[in-house]
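Remarks on the structure that follows.
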Amino acid sequence: MKRPVARTLSLSCFIMVLAFAAAVVAHGQSAPRSDVQAVRFESVDVFLDSSTHKLAAYQFELFATGGHAEIVGLEGGEHKAFAHAPYYDPAALQGDRVIVAAYSIDAELPTGKTRVARIHMQITGAEVPEYQIKIMETLGPGGEKIAVTAESR
Amino acid sequence: MAKERDNLPDPLLARLRQAGTPQRSIPAEIDSAILQDAHAAIARRRRMRLFLRSSVGLAAAACVLLVVGLWSFMPGRNSNDINHDGRTTIADAFTLARKRAAGDNTITQERIDQVAYAAVHLDDGRGATR
Amino acid sequence: MKTRLCILLALLITALAALLQMTACGSKDAATRQSSSPIIIPPRSSELSGVPFGLDDMPSRPDEELWVIKGSGGVSAKSPPPLSSGVTSIRSATTQPVEGIRPQQNDEPVPTSGTLVVQQDKKMIPVPLKHTAVKAAINAYISSVTVTQQFQNPYSEKIEAVYVFPLPDNAGINEFVMTIGDRHIRGIIREREQAEKIYAEARHQGYVASLMTQERPNIFTQKVANIEPGKKIDIQIRYFQTLRYQDGWYEWAFPMVVGPRYNPAGTADGVGAMPRGSAASGQKTDVHYLAPNERSGHDISLEVDLNAGVTIESLVSVNHQIRRQPRGESHTLVQLDPKDSIPNKDFVLRYQVAGATVKSALIVQSDPQGGKGGGGYFTLMLVPPENLKNLPRRAVEMVFVMDTSGSMSGEPITQAKSAVRVALGKMQPADTFQIVNFASSASQMSPSPLSASQENRHAAAQYVNSLCEGGGTEMLQGINKALDFPHDENRTRVVAFLTDGYIGNELEILRGLHDKLADSRVFSFGVGSSTNRYLLNSMATIGNGAAAYLALKDDPEPVMQSYFERISHPALTNLDVRFQGMNVKDVYPRKIPDLFVGQPVILTGRFDGSPRGSVTVSGKVGNEKLHFDMALAENNTSADAGIRTVWARTKIADLGDEFIRTGRDVTGDIRNTAIEYGLMSQYTAFIAVDSLTRTTGEHGTTVNVPVPMPDGVRYDTTVAPGGDK
């Protein structure tokens, strides 16, 4: 009596293992892409804070360190004066470094903290890239240099 | 600036006219008469060539062309460095944009874009330091 | 019973119409048989001598009447068109309007007599492309053009919109912006494969994304993924180009629709022509067409800010109604009349400036990346000497090659025939000629070229009149027929190609032309409202000739007169341009085209330092050597930002020509140039992804934007099932 029970148990175990394996395989096949998680899209928002000064022009350089990031689009800022897509080097292919700049001759200009640009990225791989910003130029409406702080997220 | 004339020199034109005249069958007697005249013609052509060589200046002025297309500015050492601070940045484009907004119609939006693109150019690592 | 009688009557009339048409033109096979037999030249006739030779005295066909049956459903036995919406009526032997019948649309052929008309309202087809807005600025001979395509999802589910559209073949496209609401996302130039992968991934993951690729130098595909119901997405493209200048007129053209292409058997990377909503053709690219009774809501607006720099003396729009707002003697704003907003033909603007002729012109742009060393880019318009046209007429061996395929059916072939008849009238007794026609096969008028005697030309006109259109576009056969016979050493062989260029195997054609060319010159004539200018311009480049365009509304007389001016006088050949006092490099095209009467050449290059000094042009007229000196003014720098782009685009085109001429693999060179200058090419593409807008689910249904047939081109002979594509 014991032997048939043991045999049944081992057969059951074997079937369960088989079913599990089949489920794993089936899951793998039904998933649309095995690398969906490996390729994803995200955006990097760049904020400048000019305090009480009006911001009329800016230029910064963005570096990506770690991970594999590629630029797939470049968007303007939240304020109407910087809503249009900024200038960049169209040959900035690798995406780990890009210079972005814009100006506005509008009468209404942003003060305080404002998002001036959004950079759309395609990230490949599990590693999360980090971004650094180097401010190169920030100007007020009369062309005078103004001090700002920068932030990206 | 060269003298403005858009024509071939007359002697050359005459030769080309002669060369391009459609061929016709020529009676033998006329042919021989032409042959007799040929030496004289060759001599004339020699003189004409000499004349052509000696009037290179005239031919140079005569033969075509001049230059038009003259839009505005003369380049400095770096024509995109509008502020003359040794660099090209968005400040240079902004300077032009303010001038245009103030009514300077000699500055086109394309020119402003040109300077702005120069400012953001990556390529050789010089970036905006030019 | 009555219904059956009606059906029977309708079928009878249809059969009669078909019979009449066959009688008029013969079947395709009959035409081939007829044209393949050498024509017998009638003996000299006294009635013919001394008769002025021209278009008016050509015999018209007495049997040109055509019975037309209109309406999407045609005359259907099961579902006749409703009488209430759009009126069904039968007219016979009259062109007078019948009460109750709506007036015909302008773009529909007007039957001359004996007409059965089933007239319906145009059925409105919702499409995801709502509007195209074109804004151009012309300065001297360079234009900057912004095209905005406004996509909108009119359906109840998410879609991907795919739109195949034309742009000028010399357009240097360097800007791409996707606008979603008030957000503007600038696109990035990538290698094509990489851009396609990014787009596929974004589309798959539900992100709003757009991709623009180049299928031909003048055909592009725009894809916009994940447009949710009711949502709008704008795509803005900017390009630079140089204008054409020919016979005293500048010409700026904007194509609006891709004509239906024919792809010979074995072609896989062609451009298919498919009815709206049908499955893929099997070609790499497909254009979907609206049926004649359909109309989409897609319309176009167009504005040209023309700043000629000198007084504009005259200005015409060839195909469209325009409104003009002068802003000075040399400056004017031209707008497309809103009543003419269907995008079914090229917008062609021609203008003349003050002075009898234009002068050679140099425009310079300092290099944005030139640094302190200066340098930059230039374009040079080299104008032929004015008195070149005073040189004597030379005898030519003229070969007219006429495209008589299905796409030429109707107005285009009528125009082509008129042009050939006009040209025949301008030939001189010392000339010889041959007429070749091609469709599914090629044939010729006589076994060998004929002398251009009056009776031969008259016979040729009759031959031209007898040509019938229909069938495919085996252009290579036409080329072979035109170039595969012994060359007459006493005459310049000139091949005049009259075609709409609606083929999908351009590369094969151009290589075939190059291989057969020898000493011949090819002059291409684009006949129609929306011709394939890439093919026609390239044929002229490869064929050492020039291209000209004959719109449906053009008078063939001045066009052919200018053509004869060009071919009748010697060209300046073996041109070489040397720059003294300035270090010039990378001048394109590397093989400088010959200079013909009325046809300047535009060169573009780079230079180091300042653009000072002079330019010497050397060349040959016949066997005579020639030198031109062109002094450069001290202050000759322009700030035109487009020249850098024009230079890079010309380099890419020149590399393409090199591939045709030598077979060298130029892929890497083209790709590198395009990426360095941020330009669209066959190996690069623009991609833009909005990583913030992720829609639910995978990508939606793909909707191909159907386009109208080009004005004057028949749907039934090109696109409809059983057509000639």
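The values are calculated or read from the model by the stated rules, or taken from the named source; none is laboratory data. Since the structure is predicted, the reported quantities are computational estimates derived from the model, not experimental observations. Here the Cβ positions follow ideal geometry from the backbone for every residue, glycine too, while neighbour counts run over all protein chains shown. All accessible areas refer to the heavy atoms of the entire protein, side chains included, with ligands and DNA or RNA removed. Shrake-Rupley method; radii C 1.70, N 1.55, O 1.52, S 1.80 Å.
Quick notes on this one:
- Complete set of residues in segment C:310-321 that are hydrophobic (A, V, I, L, M, F, W, C) and either more than 18 Å from C:W249 (Cα to Cα) or touching a Lys or Arg at 6+ places or on another chain (Cβ under 8 Å) (or both): C:L315, C:V316, C:V318
- Yes/no for C:N480 being within 16 Å of C:F523 (Cα to Cα) and either surrounded by fewer than 24 Cβ atoms within 10 Å (Cβ to Cβ) or more than 20 Å from the chain's Cα centre (by Cα) (or both): yes
- Identification of strands (runs of 3 or more DSSP E) wholly contained in segment A:39-86 with 3 or more residues that are within 14 Å of chain C (Cβ to nearest Cβ) yields A:39-49, A:68-75.
- Test: residue in segment C:226-239 that is of a type in the set (S, T, N, Q), open to solvent by less than 20 Å² (accessible area, probe 1.4 Å) and more than 13 Å from chain A (Cβ to nearest Cβ): no
- Any chance C:A416 is open to solvent by less than 10 Å² (accessible area, probe 1.4 Å), under 22 Å from the mean Cα position of the chain (by Cα) and of a type in the set (G, A, S): yes
- Matching residues, segment C:348-365, being at the interface with chain B (Cβ under 7 Å from one of its Cβ atoms), open to solvent by less than 30 Å² (accessible area, probe 1.4 Å) and modelled with pLDDT under 75: C:S360, C:A361
- Of C:P385, C:P449, all but one fail to be out of contact with any Lys or Arg (no Cβ under 8 Å at 6 or more places or on another chain), at pLDDT below 95 and outside the structural domain of C:G512 (by TED's automatic domain parsing); the exception is C:P385.
- Filter result (assigned to a loop (DSSP other than H, G, I, E, B) and open to solvent by 20 Å² or more (accessible area, probe 1.4 Å)) within segment C:240-254: C:D247, C:G248
Here is a yes/no grid of residues against (1) more than 14 Å from chain B (Cβ to nearest Cβ); (2) in contact with an Asp or Glu (Cβ under 8 Å, 6 or more places away or on another chain); (3) open to solvent by less than 10 Å² (accessible area, probe 1.4 Å):
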{"site": "C:E397", "(1), (2), (3)": "no, yes, yes"}
{"site": "C:F400", "(1), (2), (3)": "yes, no, yes"}
{"site": "C:D403", "(1), (2), (3)": "yes, yes, yes"}
{"site": "C:Q428", "(1), (2), (3)": "no, no, no"}
{"site": "C:F433", "(1), (2), (3)": "yes, yes, yes"}
{"site": "C:F438", "(1), (2), (3)": "yes, yes, yes"}
{"site": "C:S446", "(1), (2), (3)": "yes, no, yes"}
{"site": "C:Q454", "(1), (2), (3)": "yes, no, no"}
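- Any hit, segment C:151-173, residues being within 14 Å of chain A (Cβ to nearest Cβ) and open to solvent by 20 Å² or more (accessible area, probe 1.4 Å): no
- Picking from residues in segment C:382-395 that are surrounded by fewer than 21 Cβ atoms within 10 Å (Cβ to Cβ) and part of a helix (DSSP H, G or I), the one that is farthest from the other protein chains (Cβ to nearest Cβ) is C:K389.
- From the list C:E508, C:E489, the lone residue that is part of a loop (DSSP other than H, G, I, E, B) and acidic (D, E) is C:E489.
- Of all residues making up segment C:177-193, the number that are without any contact (Cβ under 8 Å) to a residue 60 or more places away in the chain, under 33 Å from the mean Cα position of the chain (by Cα) and more than 7 Å from chain A (Cβ to nearest Cβ): 2
- The conditions of being surrounded by 24 or more Cβ atoms within 10 Å (Cβ to Cβ), of a type outside the set (S, T, Y) and at pLDDT 95 or above are not met by C:F378.
- Considering residues of segment B:99-130 that are within 22 Å of C:S144 (Cα to Cα) and charged (D, E, K, R) only, the residue modelled with the lowest pLDDT: B:E110
- Scanning segment C:647-702 for residues that are of a type in the set (D, E), more than 14 Å from chain A (Cβ to nearest Cβ) and in contact with a helix residue (DSSP H, G or I) (Cβ under 8 Å, 6 or more places away or on another chain) turns up C:D657, C:D665, C:D669.
- Set A:V98, A:V128: member being at the interface with chain C (Cβ under 10 Å from one of its Cβ atoms) and among the hydrophobic types (A, V, I, L, M, F, W, C): A:V98
- Taken over segment C:208-231, the criterion of being assigned to a strand (DSSP E or B) and farther than 25 Å from C:A171 by Cβ is satisfied by C:V208, C:N226, C:I227.
- Residue-level check: of (1) closer than 30 Å to C:H627 by Cβ; (2) in a helix (DSSP H, G or I); (3) at pLDDT 85 or above; (4) open to solvent by 10 Å² or more (accessible area, probe 1.4 Å), C:A540 misses just (4).
- Hits in segment B:90-111 - residues which are away from chain C (no Cβ under 13 Å), open to solvent by less than 70 Å² (accessible area, probe 1.4 Å) and assigned to a loop (DSSP other than H, G, I, E, B): B:G103
- Cross-chain or 6+ apart pairs with Cβ under 8 Å, segment C:556-572 first and within 14 Å of chain B (Cβ to nearest Cβ), then basic (K, R) and not in a loop (DSSP other than H, G, I, E, B): C:I567/C:R521; C:H569/C:K389; C:L572/C:K620
- Exclusive hit being within 28 Å of C:T242 (Cα to Cα), in contact (Cβ under 8 Å) with a residue 60 or more places away in the chain and not in a loop (DSSP other than H, G, I, E, B), set C:Y199, C:Y163: C:Y163
- When restricted to residues that are at pLDDT 90 or above and of a type in the set (D, E), segment C:695-725 contains 2.
- Entry remark, segment A:95-142: residues being open to solvent by 30 Å² or more (accessible area, probe 1.4 Å) and assigned to a loop (DSSP other than H, G, I, E, B) number 11 in total.
- Selected residue [among the β-branched types (V, I, T) and open to solvent by 10 Å² or more (accessible area, probe 1.4 Å)] from C:T693, C:T684: C:T693
- When segment C:655-677 is filtered for residues that are buried (at least 19 other Cβ atoms within 10 Å of the Cβ), touching a residue at least 60 places away in the same chain (Cβ under 8 Å) and under 30 Å from B:T108 (Cα atoms), the ones remaining, listed by number, are C:A674, C:Y677.
- Boolean, C:I185 is closer than 27 Å to C:A308 by Cα, assigned by TED's automatic domain parsing to the domain that holds C:Q335 and open to solvent by less than 10 Å² (accessible area, probe 1.4 Å): no
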